[in-house]
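Reviewing the structure listed below.
The values are calculated or read from the model by the stated rules, or taken from the named source; none is laboratory data. Keep in mind that what you see is a predicted model, and the values were worked out from it rather than measured. As a convention, Cβ positions derive from the backbone with ideal geometry for all residues, glycine included, and neighbour counts pool all protein chains shown. The accessibility values were calculated without ligands, DNA or RNA, using every heavy atom of the protein model including side chains. Shrake-Rupley method; radii C 1.70, N 1.55, O 1.52, S 1.80 Å.
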Amino acid sequence: MADAAGGPLAFSKSSIAGLFDRFRPLSRRAAMSSRWGLPAILVGALFIRVVCFSGMTAYDEFAYVHIAWNMVTGAFDPAAVDDYFGLRYPLLVPVAALFAVFGVAPMTASLVPLGASLGNVSVAHTLGRTLGAPGVGLLAALLHAVFPLSVVYGTILYPDELIGLFSGLAVLFFLRAETAHDRAMRWRALASGGVLGLAAWLRPTALALALLLAIIALVRRRFAALIWTGVGVALVLGLDAAVNFLLVGYGLHAWRVSFARVAADAQSFSQDMRVYPLAMLGWTPYGLAAFGLFFAATACAVVLAAVRGALKRVWVPLLWLAILFGFFQFASSSLVEYRPLHRQFRFLS
């Protein structure tokens with residue numbers, strides 16, 4: 001890869017592209033191995049999460065366990081709930097069902113986040129295949145299998161891995177919907193909206209992902225898919241409102257409580273605008289422990305894609321990242337005054 005003068009370090013766009021061409025046989029072999037590759041990665045992901053089992057470590061998971069067990073014993077009073085812990089039914093109901101069958105134990109409490117974490121590995125694989133190639137799918141699954149944030153919260157009773165799973169499925173179903181027609185398009189779009197609605201039921205900020213779906217629909221002129229996705233979101237959030245109305249007498253009870261807690265948390269946690277960027281690049285010990293070098297590697301990949309002129313092939317995941325980072329970095333927790341959302345690394349899951 002020398003230039004006309006024979007300089008050994010003179011690179012050009014075509015020479016770098018040629019370097020990547022050498023890895024195409026590896027991609028083909030990865031495609032051939034995808035049949036056993038994903039199961040092997042899932043087994044490895046399970047092994048890592050069991051070895052690094054987190055269990056009951058802090059505060060939130062004890063609240064969820066207490067509430068779920070109250071659901072089993074009949075002691076749960078939804079009218080007395082004044083915090084979002086007792087309103088996240090997509091998390092609480094399956095945990096309560098597991099408690100009813102297996103009893104209360106740290107491992108039992110970890111089964112829902114563990115299943116969601118492994119599900120995220122599978123969704124990453126399918127998204128990689130959909131947006132790239134079989135080899136890309138395997139690499140995406142492998143990256144998520146060892147992603148520190150997913151490993152840690154994959155066995156803690158928090159909603160984050162479940163929110164990540166619903167969010168990934170929402171994008172996947174929408175990508176499948178906007179390439180389909182008629183009945184298939186409608187059902188896939190409804191599924192996309194439904195799982196996005198479940199993510200918003202767990203944490204309303206998940207609706208920020210709707211902007212990504214809207215832009216994809218605008219670029220590809222698939223407005224019917226967007227409309228049916230909106231119907232799916234409305235159906236699930238309507239169910240949320242109906243449940244709250246029947247149990248409490250006020251349909252927007254969960255949203256009122258959630259936003260009140262968000263406003264309170266914004267005053268208790270750091271609002272420093274440097275928290276997320278420094279952590280994502282591994283410049284802080286806690287950030288390095290949570291994200292590893294994932295986002296630093298992403299930045300390098302973006303540069304390489306730009307050199308190859310391939311950014312248009314990866315605009316969907318890049319826009320996905322930009323929208324969610326921008327939202328959590330700059331959104332306000334108050335409608336009256338600008339007060340940045342409080343910073344929690346797990347929100348970026």
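Structure notes:
- Condition check for ALA133: under 21 Å from LEU324 (Cα atoms) and touching a helix residue (DSSP H, G or I) at 6+ places or on another chain (Cβ under 7 Å): no
- Residue that is nearest to ALA279 (Cα to Cα) [pool: residues in the stretch 325-348 that are under 22 Å from the mean Cα position of the chain (by Cα) and open to solvent by 50 Å² or more (accessible area, probe 1.4 Å)]: PHE325
- Any hit, the stretch 239-260, residues being surrounded by 21 or more Cβ atoms within 10 Å (Cβ to Cβ) and at pLDDT 90 or above: yes
- Of all residues in the stretch 268-278, at least one satisfies being loosely packed, with under 15 Cβ neighbours inside 10 Å, assigned to a helix (DSSP H, G or I) and among the polar types (S, T, N, Q).
- All positions within the stretch 149-204 that are among the basic types (Lys, Arg) and in contact (Cβ under 8 Å) with a residue 40 or more places away in the chain: ARG176, ARG186, ARG203
- Restricting ALA40, ALA30 to those that are closer than 30 Å to VAL136 by Cβ, at pLDDT 90 or above and part of a helix (DSSP H, G or I) reduces the list to ALA40.
- Verdict on VAL231 being part of a helix (DSSP H, G or I) and at pLDDT below 95: no
- Count of the stretch 214-233 residues, restricted to those that are basic (Lys, Arg) and within 15 Å of ALA184 (Cβ to Cβ), is 1.
- Failed item in (1) at pLDDT 95 or above; (2) open to solvent by 10 Å² or more (accessible area, probe 1.4 Å); (3) under 18 Å from the mean Cα position of the chain (by Cα), with ALA145 passing the rest: (2)
- Residue list for the stretch 70-93, restricted to those being charged (D, E, K, R) and either open to solvent by 50 Å² or more (accessible area, probe 1.4 Å) or in a helix (DSSP H, G or I) (or both): ASP77, ASP82
So that you can scan it fast, the table gives a plain yes or no per residue for (1) closer than 25 Å to PRO159 by Cβ; (2) among the acidic types (Asp, Glu); (3) part of a helix (DSSP H, G or I):
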{"position": "VAL257", "(1), (2), (3)": "yes, no, yes"}
{"position": "VAL262", "(1), (2), (3)": "yes, no, yes"}
{"position": "GLY282", "(1), (2), (3)": "no, no, no"}
{"position": "ALA297", "(1), (2), (3)": "no, no, yes"}
{"position": "TYR338", "(1), (2), (3)": "no, no, no"}
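- Taking the criterion of being assigned to a helix (DSSP H, G or I), of a type outside the set (Phe, Trp, Tyr) and surrounded by fewer than 16 Cβ atoms within 10 Å (Cβ to Cβ), the residues of the stretch 95-109 that qualify are ALA97, ALA100, VAL101, MET107.
- Members of the stretch 201-231 that are surrounded by fewer than 16 Cβ atoms within 10 Å (Cβ to Cβ) and within 15 Å of ASP160 (Cα to Cα): LEU207
- Which listed residue, of ALA170, ALA184, ALA191, is under 20 Å from ARG220 (Cα atoms), modelled with pLDDT of 95 or more, aliphatic (A, V, I, L, M) and open to solvent by 10 Å² or more (accessible area, probe 1.4 Å): ALA191
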